[in-house]
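This report refers to the structure that appears directly beneath it.
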Amino acid sequence: MDLMMFRSKLIKIVQKKWKFSIPFFIFLSLAALLYFSVPSDSCRLDHDANGYKLLAVNFAKTWGFAESGKPLTGGHTLGYPFVLGLVFKLFGFSYSNIVIFHIILCFLSMFLIYLICSRFFNKMVGLIALYITSVSSLFLVYSQAVMSEVILAFCLIFFVERLTYFFIKQNFSALIVSALILGFSIIIKPVAIFFIWPLSILLFFFVFGSYKKRFLHVLSVLLFFWTPVLFYMGFNKINYGYFRIDPLVNASLFYYFLPRLIAKRDNIPVDVAKKTVNKLLSYNKDLGEASLKKESLMLIVLKNPLDSAYVWFQNVSKSFFGLVLSFLKVLLDPKLRGGYCSFFKTNGSIFERVKKYVTMGTDSKLLYAIGFLEILYLLFTYVLSAFALVVLFLRREKIIHFFTLYIMYFSMITGHDGCARFRIMFEFVIIILASYGLFIFLAVLNKKIKLKNIIKKQSANFGKI
């Protein structure tokens, strides 16, 4: 092959792939800009980060998580510290290595999102999804911090990619891999621990064939899901003395949900309610459990059903509408800590509260602009994803059942303590649906196809604009 022919082929490849490459370049550029804007590495340590770092450093140094001669401390699952420890072991103790690792996971996540869209809809929808993901504040901002959100999102996206491949191809090995990945995600953070049950019911109707075949597929999913989880629990029992996923299984409910419930019930500040709860709690170090001294949490919830529902759904609303801008401020300002910039600490009309929420904690006009752009991004994706769900429902596409179940579960599970970072667990499904919704909108706008014809079609993949 002469030089001119090689040059000609290279130009054709570049011309064909440039649209696919640009979103990755956009994401990398924004991530690099943000990385060099963080004033100090201590800003990357917030929420659970210090605990993760300690466990990871111990693992990198000793191949164990607990310090020599001391019991395991903290209420963390060990999947993320294990991965971080390997990164430290292989590439050295540097925060830049963590950020690079997170960015690589984000790239892989973007590619998997593209595959899901291309498989169910078409490559144009996949390309739209890439561009939307490339400016997602969740992936950009949390890739900069020592937090488990990015690797958890990658596991969940990989799980959905393998599962949707099974839905279309009925490939048994893809189903098994999806179950293993979902099981591994429990070791990172046990948010999907209850998802396996409604998923198993849904799978029963997605498997083609006899009832016997469906039961065998569901049983196989349960087996391969619980295999890594049970091995992990066994590891904890052998090494740390507790046969459970998390050393403090009910901490989130007692330390986050219950104080807000009592604050709502008694009409007192949350900080005062937290002190009340601390007095009511007893902690069994041997069993790794916290409990109330006088009455159970369930009994308190049953006595106050309306207040409990109010607090739970208020927290879920935080997961849907909370701004990543709040954590971005923490990244860029060493004086700020998580939780300072909260919408619920403001007062006034809804527009006044939104303005205060965006502007509190900073005087930066750039951050103001980013905050209002994030609000527009949320409105844009939610409206388009709702439109897409309506279209899929009218077309009677079976995948709508899975997408709806997924969003409902992973949003409702955050009701104990809502936060924008929890949205990373389900935002990729919102992006997929929004991309499809935008594709349909552009197709109708450009008169490529009529909306009534889209609804009549039997397949969601009806070509490019």
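The values are calculated or read from the model by the stated rules, or taken from the named source; none is laboratory data. Note that the coordinates shown come from a computational prediction; the quantities given were computed from them, not determined experimentally. Neighbour counts are summed over all protein chains in view; Cβ atoms, including those assigned to glycine, are modelled from backbone coordinates with ideal geometry.
Of everything listed in (1) farther than 20 Å from Cys155 by Cβ; (2) buried (at least 19 other Cβ atoms within 10 Å of the Cβ); (3) in contact with a Gly (Cβ under 9 Å, 6 or more places away or on another chain), the single unmet condition for Tyr240 is (2). Of the residues in the stretch 363-370, at least one is in a loop (DSSP other than H, G, I, E, B) and either out of contact with any Phe, Trp or Tyr (no Cβ under 7 Å at 6 or more places or on another chain) or assigned by TED's automatic domain parsing to the domain that holds Met412 (or both).
Summed over the stretch 25-40, the residues that are touching a residue at least 12 places away in the same chain (Cβ under 8 Å) and loosely packed, with under 14 Cβ neighbours inside 10 Å give a count of 3. Output yes when any residue across the stretch 336-347 is touching a residue at least 12 places away in the same chain (Cβ under 8 Å), within 25 Å of Ala192 (Cα to Cα) and not in a helix (DSSP H, G or I), and no when none is. Checked against the condition, which is being touching a residue at least 12 places away in the same chain (Cβ under 8 Å), within 25 Å of Ala192 (Cα to Cα) and not in a helix (DSSP H, G or I), the stretch 336-347 yields at least one hit. Quick check on Leu230: is it assigned to a helix (DSSP H, G or I) and either under 22 Å from the mean Cα position of the chain (by Cα) or closer than 29 Å to His416 by Cβ (or both)? When the stated conditions are applied, Leu230 passes them. A residue that is of a type in the set (Val, Ile, Thr), outside the structural domain of His416 (by TED's automatic domain parsing) and at negative phi occurs nowhere in the stretch 235-246.
Would you check if Leu331 is surrounded by 17 or more Cβ atoms within 10 Å (Cβ to Cβ) and either outside the structural domain of Leu438 (by TED's automatic domain parsing) or within 19 Å of Ser134 (Cα to Cα) (or both)?
no
Results for (1) surrounded by fewer than 21 Cβ atoms within 10 Å (Cβ to Cβ); (2) at pLDDT below 95; (3) over 26 Å from Leu230 (Cα atoms), shown as yes or no for each residue.
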| position | (1), (2), (3) |
| --- | --- |
| Gly74 | yes, yes, no |
| Phe82 | yes, yes, no |
| Leu108 | yes, no, yes |
| Phe121 | no, yes, yes |
| Gln144 | no, yes, yes |
| Met147 | no, yes, no |
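Contact map, the stretch 81-103: first residue not assigned by TED's automatic domain parsing to the domain that holds Pro39, second residue aliphatic (A, V, I, L, M) and crowded, with 18+ Cβ neighbours inside 10 Å, Cβ cut-off under 7 Å, separation 6 or more or different chains; the map is empty. Of the residues making up the stretch 205-222, those that are assigned to a helix (DSSP H, G or I), surrounded by 13 or more Cβ atoms within 10 Å (Cβ to Cβ) and of a type outside the set (Lys, Arg) number 7.
Condition check for Phe20 on (1) closer than 30 Å to Phe235 by Cβ; (2) at pLDDT below 90; (3) not β-branched (Val, Ile, Thr): one failure, at (1). Scanning the stretch 410-433 for residues being within 25 Å of Tyr255 (Cβ to Cβ) and not basic (Lys, Arg) gives a total of 15. Scanning the stretch 146-177 for residues that are under 22 Å from the mean Cα position of the chain (by Cα) and small (Gly, Ala, Ser) turns up Ser148, Ala153, Ala174.
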